[in-house]
1. For a label point 7 Å from the Cα of PHE257 along Cα→C-beta, name the residues of the stretch 165-191 whose backbone N is under 13 Å from it.
2. Each residue of the stretch 171-182 in order: what ³J(HN,Hα) in whole Hz does its phi give by Karplus 6.51 cos²θ - 1.76 cosθ + 1.60, θ = phi - 60°, with x for Gly and Pro?
3. Would you pull out the residues with amide H under 5 Å of TRP244's amide H, same chain only if 5 or more places away, H placed 1.01 Å from N?
4. Round to a whole number: what % of the accessible area of the stretch 255-296 belongs to carbon and sulfur, probe 1.4 Å?
5. Give me, ordered by chain and number, the residues 5 or more places off ARG177 or on other chains with an amide H under 5 Å from its own placed amide H.
6. Would you please name the trypsin sites (Lys or Arg not before Pro) within the stretch 128-210 that are DSSP coil residues with at most 11 other C-beta atoms within 10 Å of their C-beta?
7. Under the rule a/c < 1.5 gives rounded, and otherwise a/b versus b/c splits prolate from oblate, where does the stretch 125-235 land using the Cα gyration tensor?
8. If you take every residue apart from LYS218 with its C-beta less than 10 Å away from the C-beta of LYS218, what net charge results, scoring Lys and Arg +1 and Asp and Glu -1?
Amino acid sequence: RVDVPSQTPMYLKMSYVFHRFNFYNSTLWFYEDNQIANFSQTETFGKLKIGFPLSRKGRLEFGAGYGLLTDKYRQNLIQTPEGSRNDHNRYSLGNVFARAESYTQNSLLYPTAGYKYMTSLQIVGGSNSYISGSDFEAMPNKKKDLWLQYRASYDNYIKLKNKLILGIYGEAALSTRDLLDNYTATVIQAPSFKPTLHSKTTFNPAFSANQFAAFGLKPIYRITDQIHLRAEGYCFLPYKQISWDENALPYYQKPSFIAAQFMAETSLVVDLKLISAGMFLNYYSEAPSKWNFGVNIGFLLFRENFIE
């Protein structure tokens, strides 16, 4: 990887990334009532970016990339023969993209001041090969695909009083991607809404859609400079909710913003320079376990995905 600092008048980045997301071991967070499958995702890709500073804290990037992506999953929506393998979707994709962002927040995990704005637009195209786990020796079903994807997010913290802070959050996504071979393949590839640390480490199909808008409020009370209480509440509004028929084939429900989902979280945070810790309790309006409790210690950072 070659990385020229962004504070120069112009910079160039060349990156090669390999990562794997394994959701098989987190069975607590998966639906047990035939709504979604256990799955893993593997991505191998490279990107070339050229960037320009927009301000002391902002930048504009243009780039292109190529990636090989693999999803392995077991469908729970239909009966599969005993001893069958996982279904596979393999994607060979290229993209061109533009991205603008500005960042002044005072913490990577638990900010209490500053703002973060991001907007990105990309064109993605390539091929998709589907292999059924019940007929693994058959020729894969190959399709070509080309789509446009836009995402934007807004996260700002406003000081109201000496110890009281209000965070305002908004996010939107729009993808013109076609529906894939089955509901499971479609929903795990769709843009997901994951505003909290816990939601980033789990998968919930109720918060995935090719077009959605979301917003939230985050009241925060500072006990000391290093310790604070924070509450977060979010509303997720899919425009065309992805559903499935009796054969697990995906289809869009009628366009609407009434199929809202909600998530909320409250946490006690100790945020030091070298380490952060948070004890949280959260709620999802639709999930296998609607209430969850846990502790985060350390820094939880993720590499970028090939498709934002």
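1. 171-173
2. Result, ordered by residue: 8, 9, 9, 9, 10, 9, 5, 5, 5, 8, 5, 8 Hz.
3. Long-range HN contacts for TRP244: TYR251.
4. On the way: 1730 of 2420 Å².
Accessible surface attributable to carbon and sulfur in the stretch 255-296 totals 72 percent.
5. For ARG177, the qualifying residues are LEU148.
6. Sparse-neighbourhood loop trypsin sites (Lys or Arg not before Pro): LYS161.
7. In terms of gyration-tensor shape, prolate.
8. Computed value for this residue: -2.
The values are calculated or read from the model by the stated rules, or taken from the named source; none is laboratory data. Source: prediction; values computed, not measured. Note that we place each Cβ from the backbone using ideal geometry, even for glycine, and neighbour counts take in every protein chain shown. Accessible surface areas use protein heavy atoms only, side chains included; no ligands, DNA or RNA. Shrake-Rupley method; radii C 1.70, N 1.55, O 1.52, S 1.80 Å.
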